[in-house]
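One structure is given below, encoded as structure tokens.
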Amino acid sequence: MFIIPCKYVEGCLILESVSAIRKYHPNVRIVVIDSDSSDKSYFSELKKIDNVDVLDIANKHYESGAFWCVARHTNAPFYVVMQDSIILKQSLDKYLLDDEQFYAFINFNEDTLYNHMMNQDGMTSNKYLTRLNEMLGGFGNLPMDLNINFTGVFGPSFIVKKNMVDKMLENGLDKTMLPVVKFDHEITERAYGIIAQQCGVDVSKNTILGNLHDLKSKYMNGNVLVTNILDKHWFANKRQ
């Protein structure tokens, strides 16, 4: 099952994104979660595509809100959480059908003392770690007094299998990982990587494209990351 949150604005690529998924995955269910768009004219076009559901739930919790909305009520063998600015260029079956529990599309390296968010809104390392630990729910929290290196999940866009989803729900993440502001949303990118690690997944290895910094240095064309597997567009400034 593919899950795509969408805050529809002019230039949004949701129709192209869904059409590309359908091209390479003709039989997989796609669920688009509307993120409280003021313009919902795109609904009618999406409904013309086979096996696509559009949920008008006024989601205010970014990718995580869309994911939990679907994961709580379904029993799919895998879930692909993907931004509406990503256009697939080949099948993901290699990753969907193996035994690995989690894949990031793109990863990044992080540590708890040198973090790009520390200077935003007066955010200190202590406050950052406190919020991150709240997001982790019943999973193990990070120590407040040590520098911890980990791999984050950019987006967050990822593939997760049912067994790991069950662990996440058992640990209450559908209640704790519900970002409502941009800062919280960025913390979820870190939290998914830490949770995957605690589930035995090395995200630095289980990444489809690789590290964000390396990819941008090699494959950026204007505001588009162009790879053989997918293209990732940046136009978030239109949705502020």
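The table for this structure:
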read-out	value
Lys, Arg +1 and Asp, Glu -1 on Cβ, resulting dipole of the chain about Cα centre, debye, nearest 20	340 debye
Charge dipole of the chain about the Cα centre (unit charges at C-beta), most positive-ward option of G200, A20, A58	A20
Residue-wise HN-Hα coupling along the range 201-209, computed from phi with Karplus coefficients 6.51, -1.76, 1.60 (Hz; x: Gly, Pro)	9, 8, 5, 4, 9, 8, 10, 6, 9
Top of M82, M168, M144 by mean-square fluctuation, Gaussian network on the chain, Cα under 10 Å	M144
By accessible area with a 1.4 Å probe, ligands and nucleic acids excluded, highest first: order of R72, R131, R29	R72, R29, R131
Cα-Cα over 30 Å, subset of K23/K205; K162/K218; K40/K216; K60/K127; K47/K218; K40/K205	K162/K218; K40/K216; K47/K218; K40/K205
Equivalent ellipsoid semi-axes, the chain, via Cα gyration tensor eigenvalues times 5, rooted, Å	27, 19, 19
5 angstrom amide H check on N107, placed H, neighbours 5+ away	F154, G210, N211, L212
Equivalent-ellipsoid semi-axes of the range 18-112, from the Cα gyration tensor, Å, largest first	22, 19, 14
Electrostatic dipole magnitude of the range 137-189 [Cβ: Lys, Arg +1; Asp, Glu -1; Cα centre; debye, to 20]	200 debye
Segments 173-185, 189-201 sorted - mean Cβ within 10 Å per residue, highest first	189-201, 173-185
Most mobile of D111, D34, D84 in a GNM of the chain (Cα contacts under 10 Å)	D111
J(HN,Hα) series, the range 39-47, from Karplus relation 6.51 cos²θ - 1.76 cosθ + 1.60, nearest Hz, glycine and proline x	10, 10, 5, 5, 3, 5, 6, 5, 5
Sequence of L225, L15, L209 from largest to smallest accessible area, 1.4 Å probe	L15, L209, L225
Label point 7 Å beyond Cα of E100 along Cβ direction - residues of the range 152-194 with amide nitrogen under 13 Å	158-161
Within the chain, percent of DSSP bridges classed antiparallel, to nearest 5	60 percent
Residue with peak Gaussian network fluctuation, the chain [Cα springs, cutoff 10 Å], from Y79, Y103, Y95	Y95
The chain, relative contact order in percent, only Cα pairs under 8 angstrom and at least six apart counted	24 percent
Within the range 29-100: Cβ-based charge dipole about Cα centre, in debye rounded to nearest 20 (Lys, Arg +1; Asp, Glu -1)	120 debye
In sequence order, calculated HN-Hα J values of the range 147-160 (Karplus, 6.51, -1.76, 1.60; Hz; x Gly/Pro)	8, 10, 8, 7, 10, x, 10, 5, x, x, 10, 7, 10, 9
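The values are calculated or read from the model by the stated rules, or taken from the named source; none is laboratory data. Only a predicted model underlies this, so the values are computations on that prediction, with no experimental measurement involved. Virtual Cβ from ideal backbone geometry, glycine too; neighbours counted across all protein chains shown. Heavy atoms of the whole protein, side chains included, go into the accessibility calculation; ligands, DNA and RNA do not. Shrake-Rupley method; radii C 1.70, N 1.55, O 1.52, S 1.80 Å.
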